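Please read the structure below before turning to the comments.
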Ligand code: SF4
Ligand code: ZN
């Protein structure tokens, strides 16, 4: 260890210790020793202290002991002539720094409870951007990406670049490598996060550009706290298992520190702290280097690297293997852009979302009918329309190959959602004939054209599913006439796929299938798909999951053995519960397949329909995504999806597919279709054939005519007289919410 650095780190650590101790004493006087201290909504106490020392700090007085330990770790200040050949004293100083800074941050949460925002998003409009400690929901959702490889790690950035443009480019370069970017600390009055806001870049957890706090302590404490919790949560480690926690991070989480600007003694102290986790520092200023390896995989501190080269240097120093998916489009591309939204003034073009038709369809063809890589646009391109335009859209993907089977079509089709979403500046929601696409002005400026949708799908489907097909061609339609034609063909195919499951019942199979594809948006969401309970997005039924499992045995669709029956009426099985518990990361230990009232299944944002209990009418309503109006439960579809769609269990509400509505087990615990008192007229039209059959089956052939719709009313009070007049069976049934 360079002596200069060691002495600077130790000097910095002493300064920070004194500052933090003074704050602690002040807080003790002001709030008393019993004052509770905590980071919001976490089971990991103050995570660095808990992870490394095993101490559970819950009250101010608990900090006493930690200060003592920190003090004992602090090496004496280094005098100029003293030889200091080892790294160890600086590492200890770094650890002590992090302990006391973490306590300082916890005190800040008492003193200024509103300083840090809660949740994933920044409030840029009101100038509030600092997100502070991530709660456990964010940890579970994001931390798992470090484990499954979706994100190799993070870059903790201190300071700022010279220009706003440089900051923007740096952020994008890191995003393209799928890294998270944690930001804090200022250099000459500037901070990277603020530069990004100035450049109009979306910051917050969804774009992986996370502004932790304004100073060096906040970014160090929250970044290393996050890494520590990830090791405990996903590595199954306990508080106090410090060696294992540090090694887990060194080996598994590819992270590093970028120091942009003047490296003060305090920065050195924090950099020394990060080295304990195996995270090296790369600086753009000429600070002394620490090259010999020891704790980190390669060098510990590398300096004087221009900002333009700093990412590739960091990647090399940290020994990171990055897989960049080469997708031949003019936009940045990768999972980091999946959570980004396009709204308001940013929208250049919109397709679907209830405003126009938008449909996507994967179909297999003969080998000689498909030209691999051919992408064609039929209809106007983005350059032919004005900003704010709306166009109809149909994406037809034709695949061919010796191993290709019709059964695989829905699986390839379901990928379209995230594959298109990965492009920067493009937002995609939904599936099948309820797709919804937004293209941002920035994307158009960068040269995005409608054929790029096809180029994305060709490149990525080959990459991920090349084993099951050989050729793929894509046609994108944007004129009404062709879109209508494709819509008809696609709907016929959806029908056929749906019908494959007809005749199978939940009782006749011992195996259900899971789907956890949506966990990137809804981290605890687990669909378990049975023959009579199709996926709530409508895109996956039991057959599809079975085929998906065959193609990809370690993928998102796993067989789930039903096991012992716990409740045949509500639809609960021991095997499903066990699977749910593990797949929801211990958040849920049971749910019912056939009930809306009693612990229904989790619901995520892609559901085709949402059903809700209507207590006054003693029944349920359901609404599909395309219906934009008010509904009798007092919420529009968009509000409902926002309220119940985060992957949680919400008694009284449940997401379901359109097809599932007319399956026999739909809400069977509450009496099934007999409870249905309201639905949009267009949805009824769409499912009418099957609905009529169901009505016959239950012996009330005209039930479909007794169900109210928006023309009758959009409140419970408005529709009740209609139901009474029609003698709707729900009115005679036992109270839906129990006695
Ligand atoms: Fe899978 Fe369920 Fe998401 Fe559909 S809604 S993709 S079935 S997790
Ligand atoms: Zn979903």
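Read the figures in this text as sums done on the coordinates, not as results from a lab. Please read these numbers as outputs of a predicted model, since none were measured by experiment. Cβ: placed from backbone, ideal geometry, glycine included. Neighbour counts: every protein chain shown.
Side notes on the structure shown:
- Cα Rg, Dmax, the range 454-613, angstrom units: 17.6, 53
- Sum of -39500 (n - 2.57) over DSSP H runs of 4+, divided by residues of the chain (222 nm, nearest 500): -11500 deg cm²/dmol
- Crossing angle, helix 716-725 versus the chain [Cα axis fit, 0-90 degrees, rounded to tens]: 20
- The shape of the range 583-683 can be summarised by an equivalent ellipsoid whose semi-axes, obtained from the alpha carbon gyration tensor, come to 20, 16, 12 Å from longest to shortest.
- Cα-projected label distance for residue 28 with residue 326, points at 7 Å along beta-carbon direction, nm: 6.3
- Span from the the range 147-161 Cα centroid across to the the range 419-482 one, whole angstrom: 28
- Residues 543, 628, 427, 192, ranked from the fewest to the most other C-beta atoms within 10 Å, line up as 628, 543, 427, 192.
- For the chain, the share of DSSP beta bridges that are antiparallel, to the nearest 5, is 55%.
- Against the empirical curve 2.2 N^0.38 Å, the C-alpha radius of gyration of the range 335-499 lands at a ratio of 0.98.
- Averaging the sequence gap over all C-alpha pairs within less than 8 Å and six or more residues apart, then dividing by the number of residues, gives the range 511-732 a relative contact order of 19 percent.
- On Cα atoms only, tilt of 63-73 relative to the major axis of the chain in degrees: 50
- Rel. contact order, % - alpha carbon contacts under 8 angstrom, at least six apart, the chain: 9
- Rounded tilt (10° steps) of 574-583 against the dominant C-alpha axis of the chain: 40
- Spatial separation of Cα centroids for the range 103-121 and the range 592-610, in angstrom: 35
- With viscosity 0.692 mPa s and temperature 37 °C, the Kirkwood radius over alpha carbon pairs of the range 511-732 converts through Stokes-Einstein to a diffusion coefficient of 188 µm²/s.
- The relative contact order of the range 3-111 comes to 43 percent, based on Cα pairs under 8 Å that sit 6 or more residues apart.
- Fewest-first sequence of 643, 650 by Cβ atoms within 10 Å of each Cβ: 643, 650
- Enclosed volume per residue, in Å³, of the convex hull spanned by Cα atoms of the chain: 169
- Taken over the alpha carbons of the range 384-464 as equal point scatterers, the Debye sum produces base-10 log I(q)/I(0) values at 0.13, 0.22, 0.26 Å⁻¹ of -0.44, -1.14, -1.50.
- With neighbours defined as other Cβ atoms within 10 Å of a residue's Cβ, the residues 229, 664, 11, 438 order from fewest to most as 664, 11, 438, 229.
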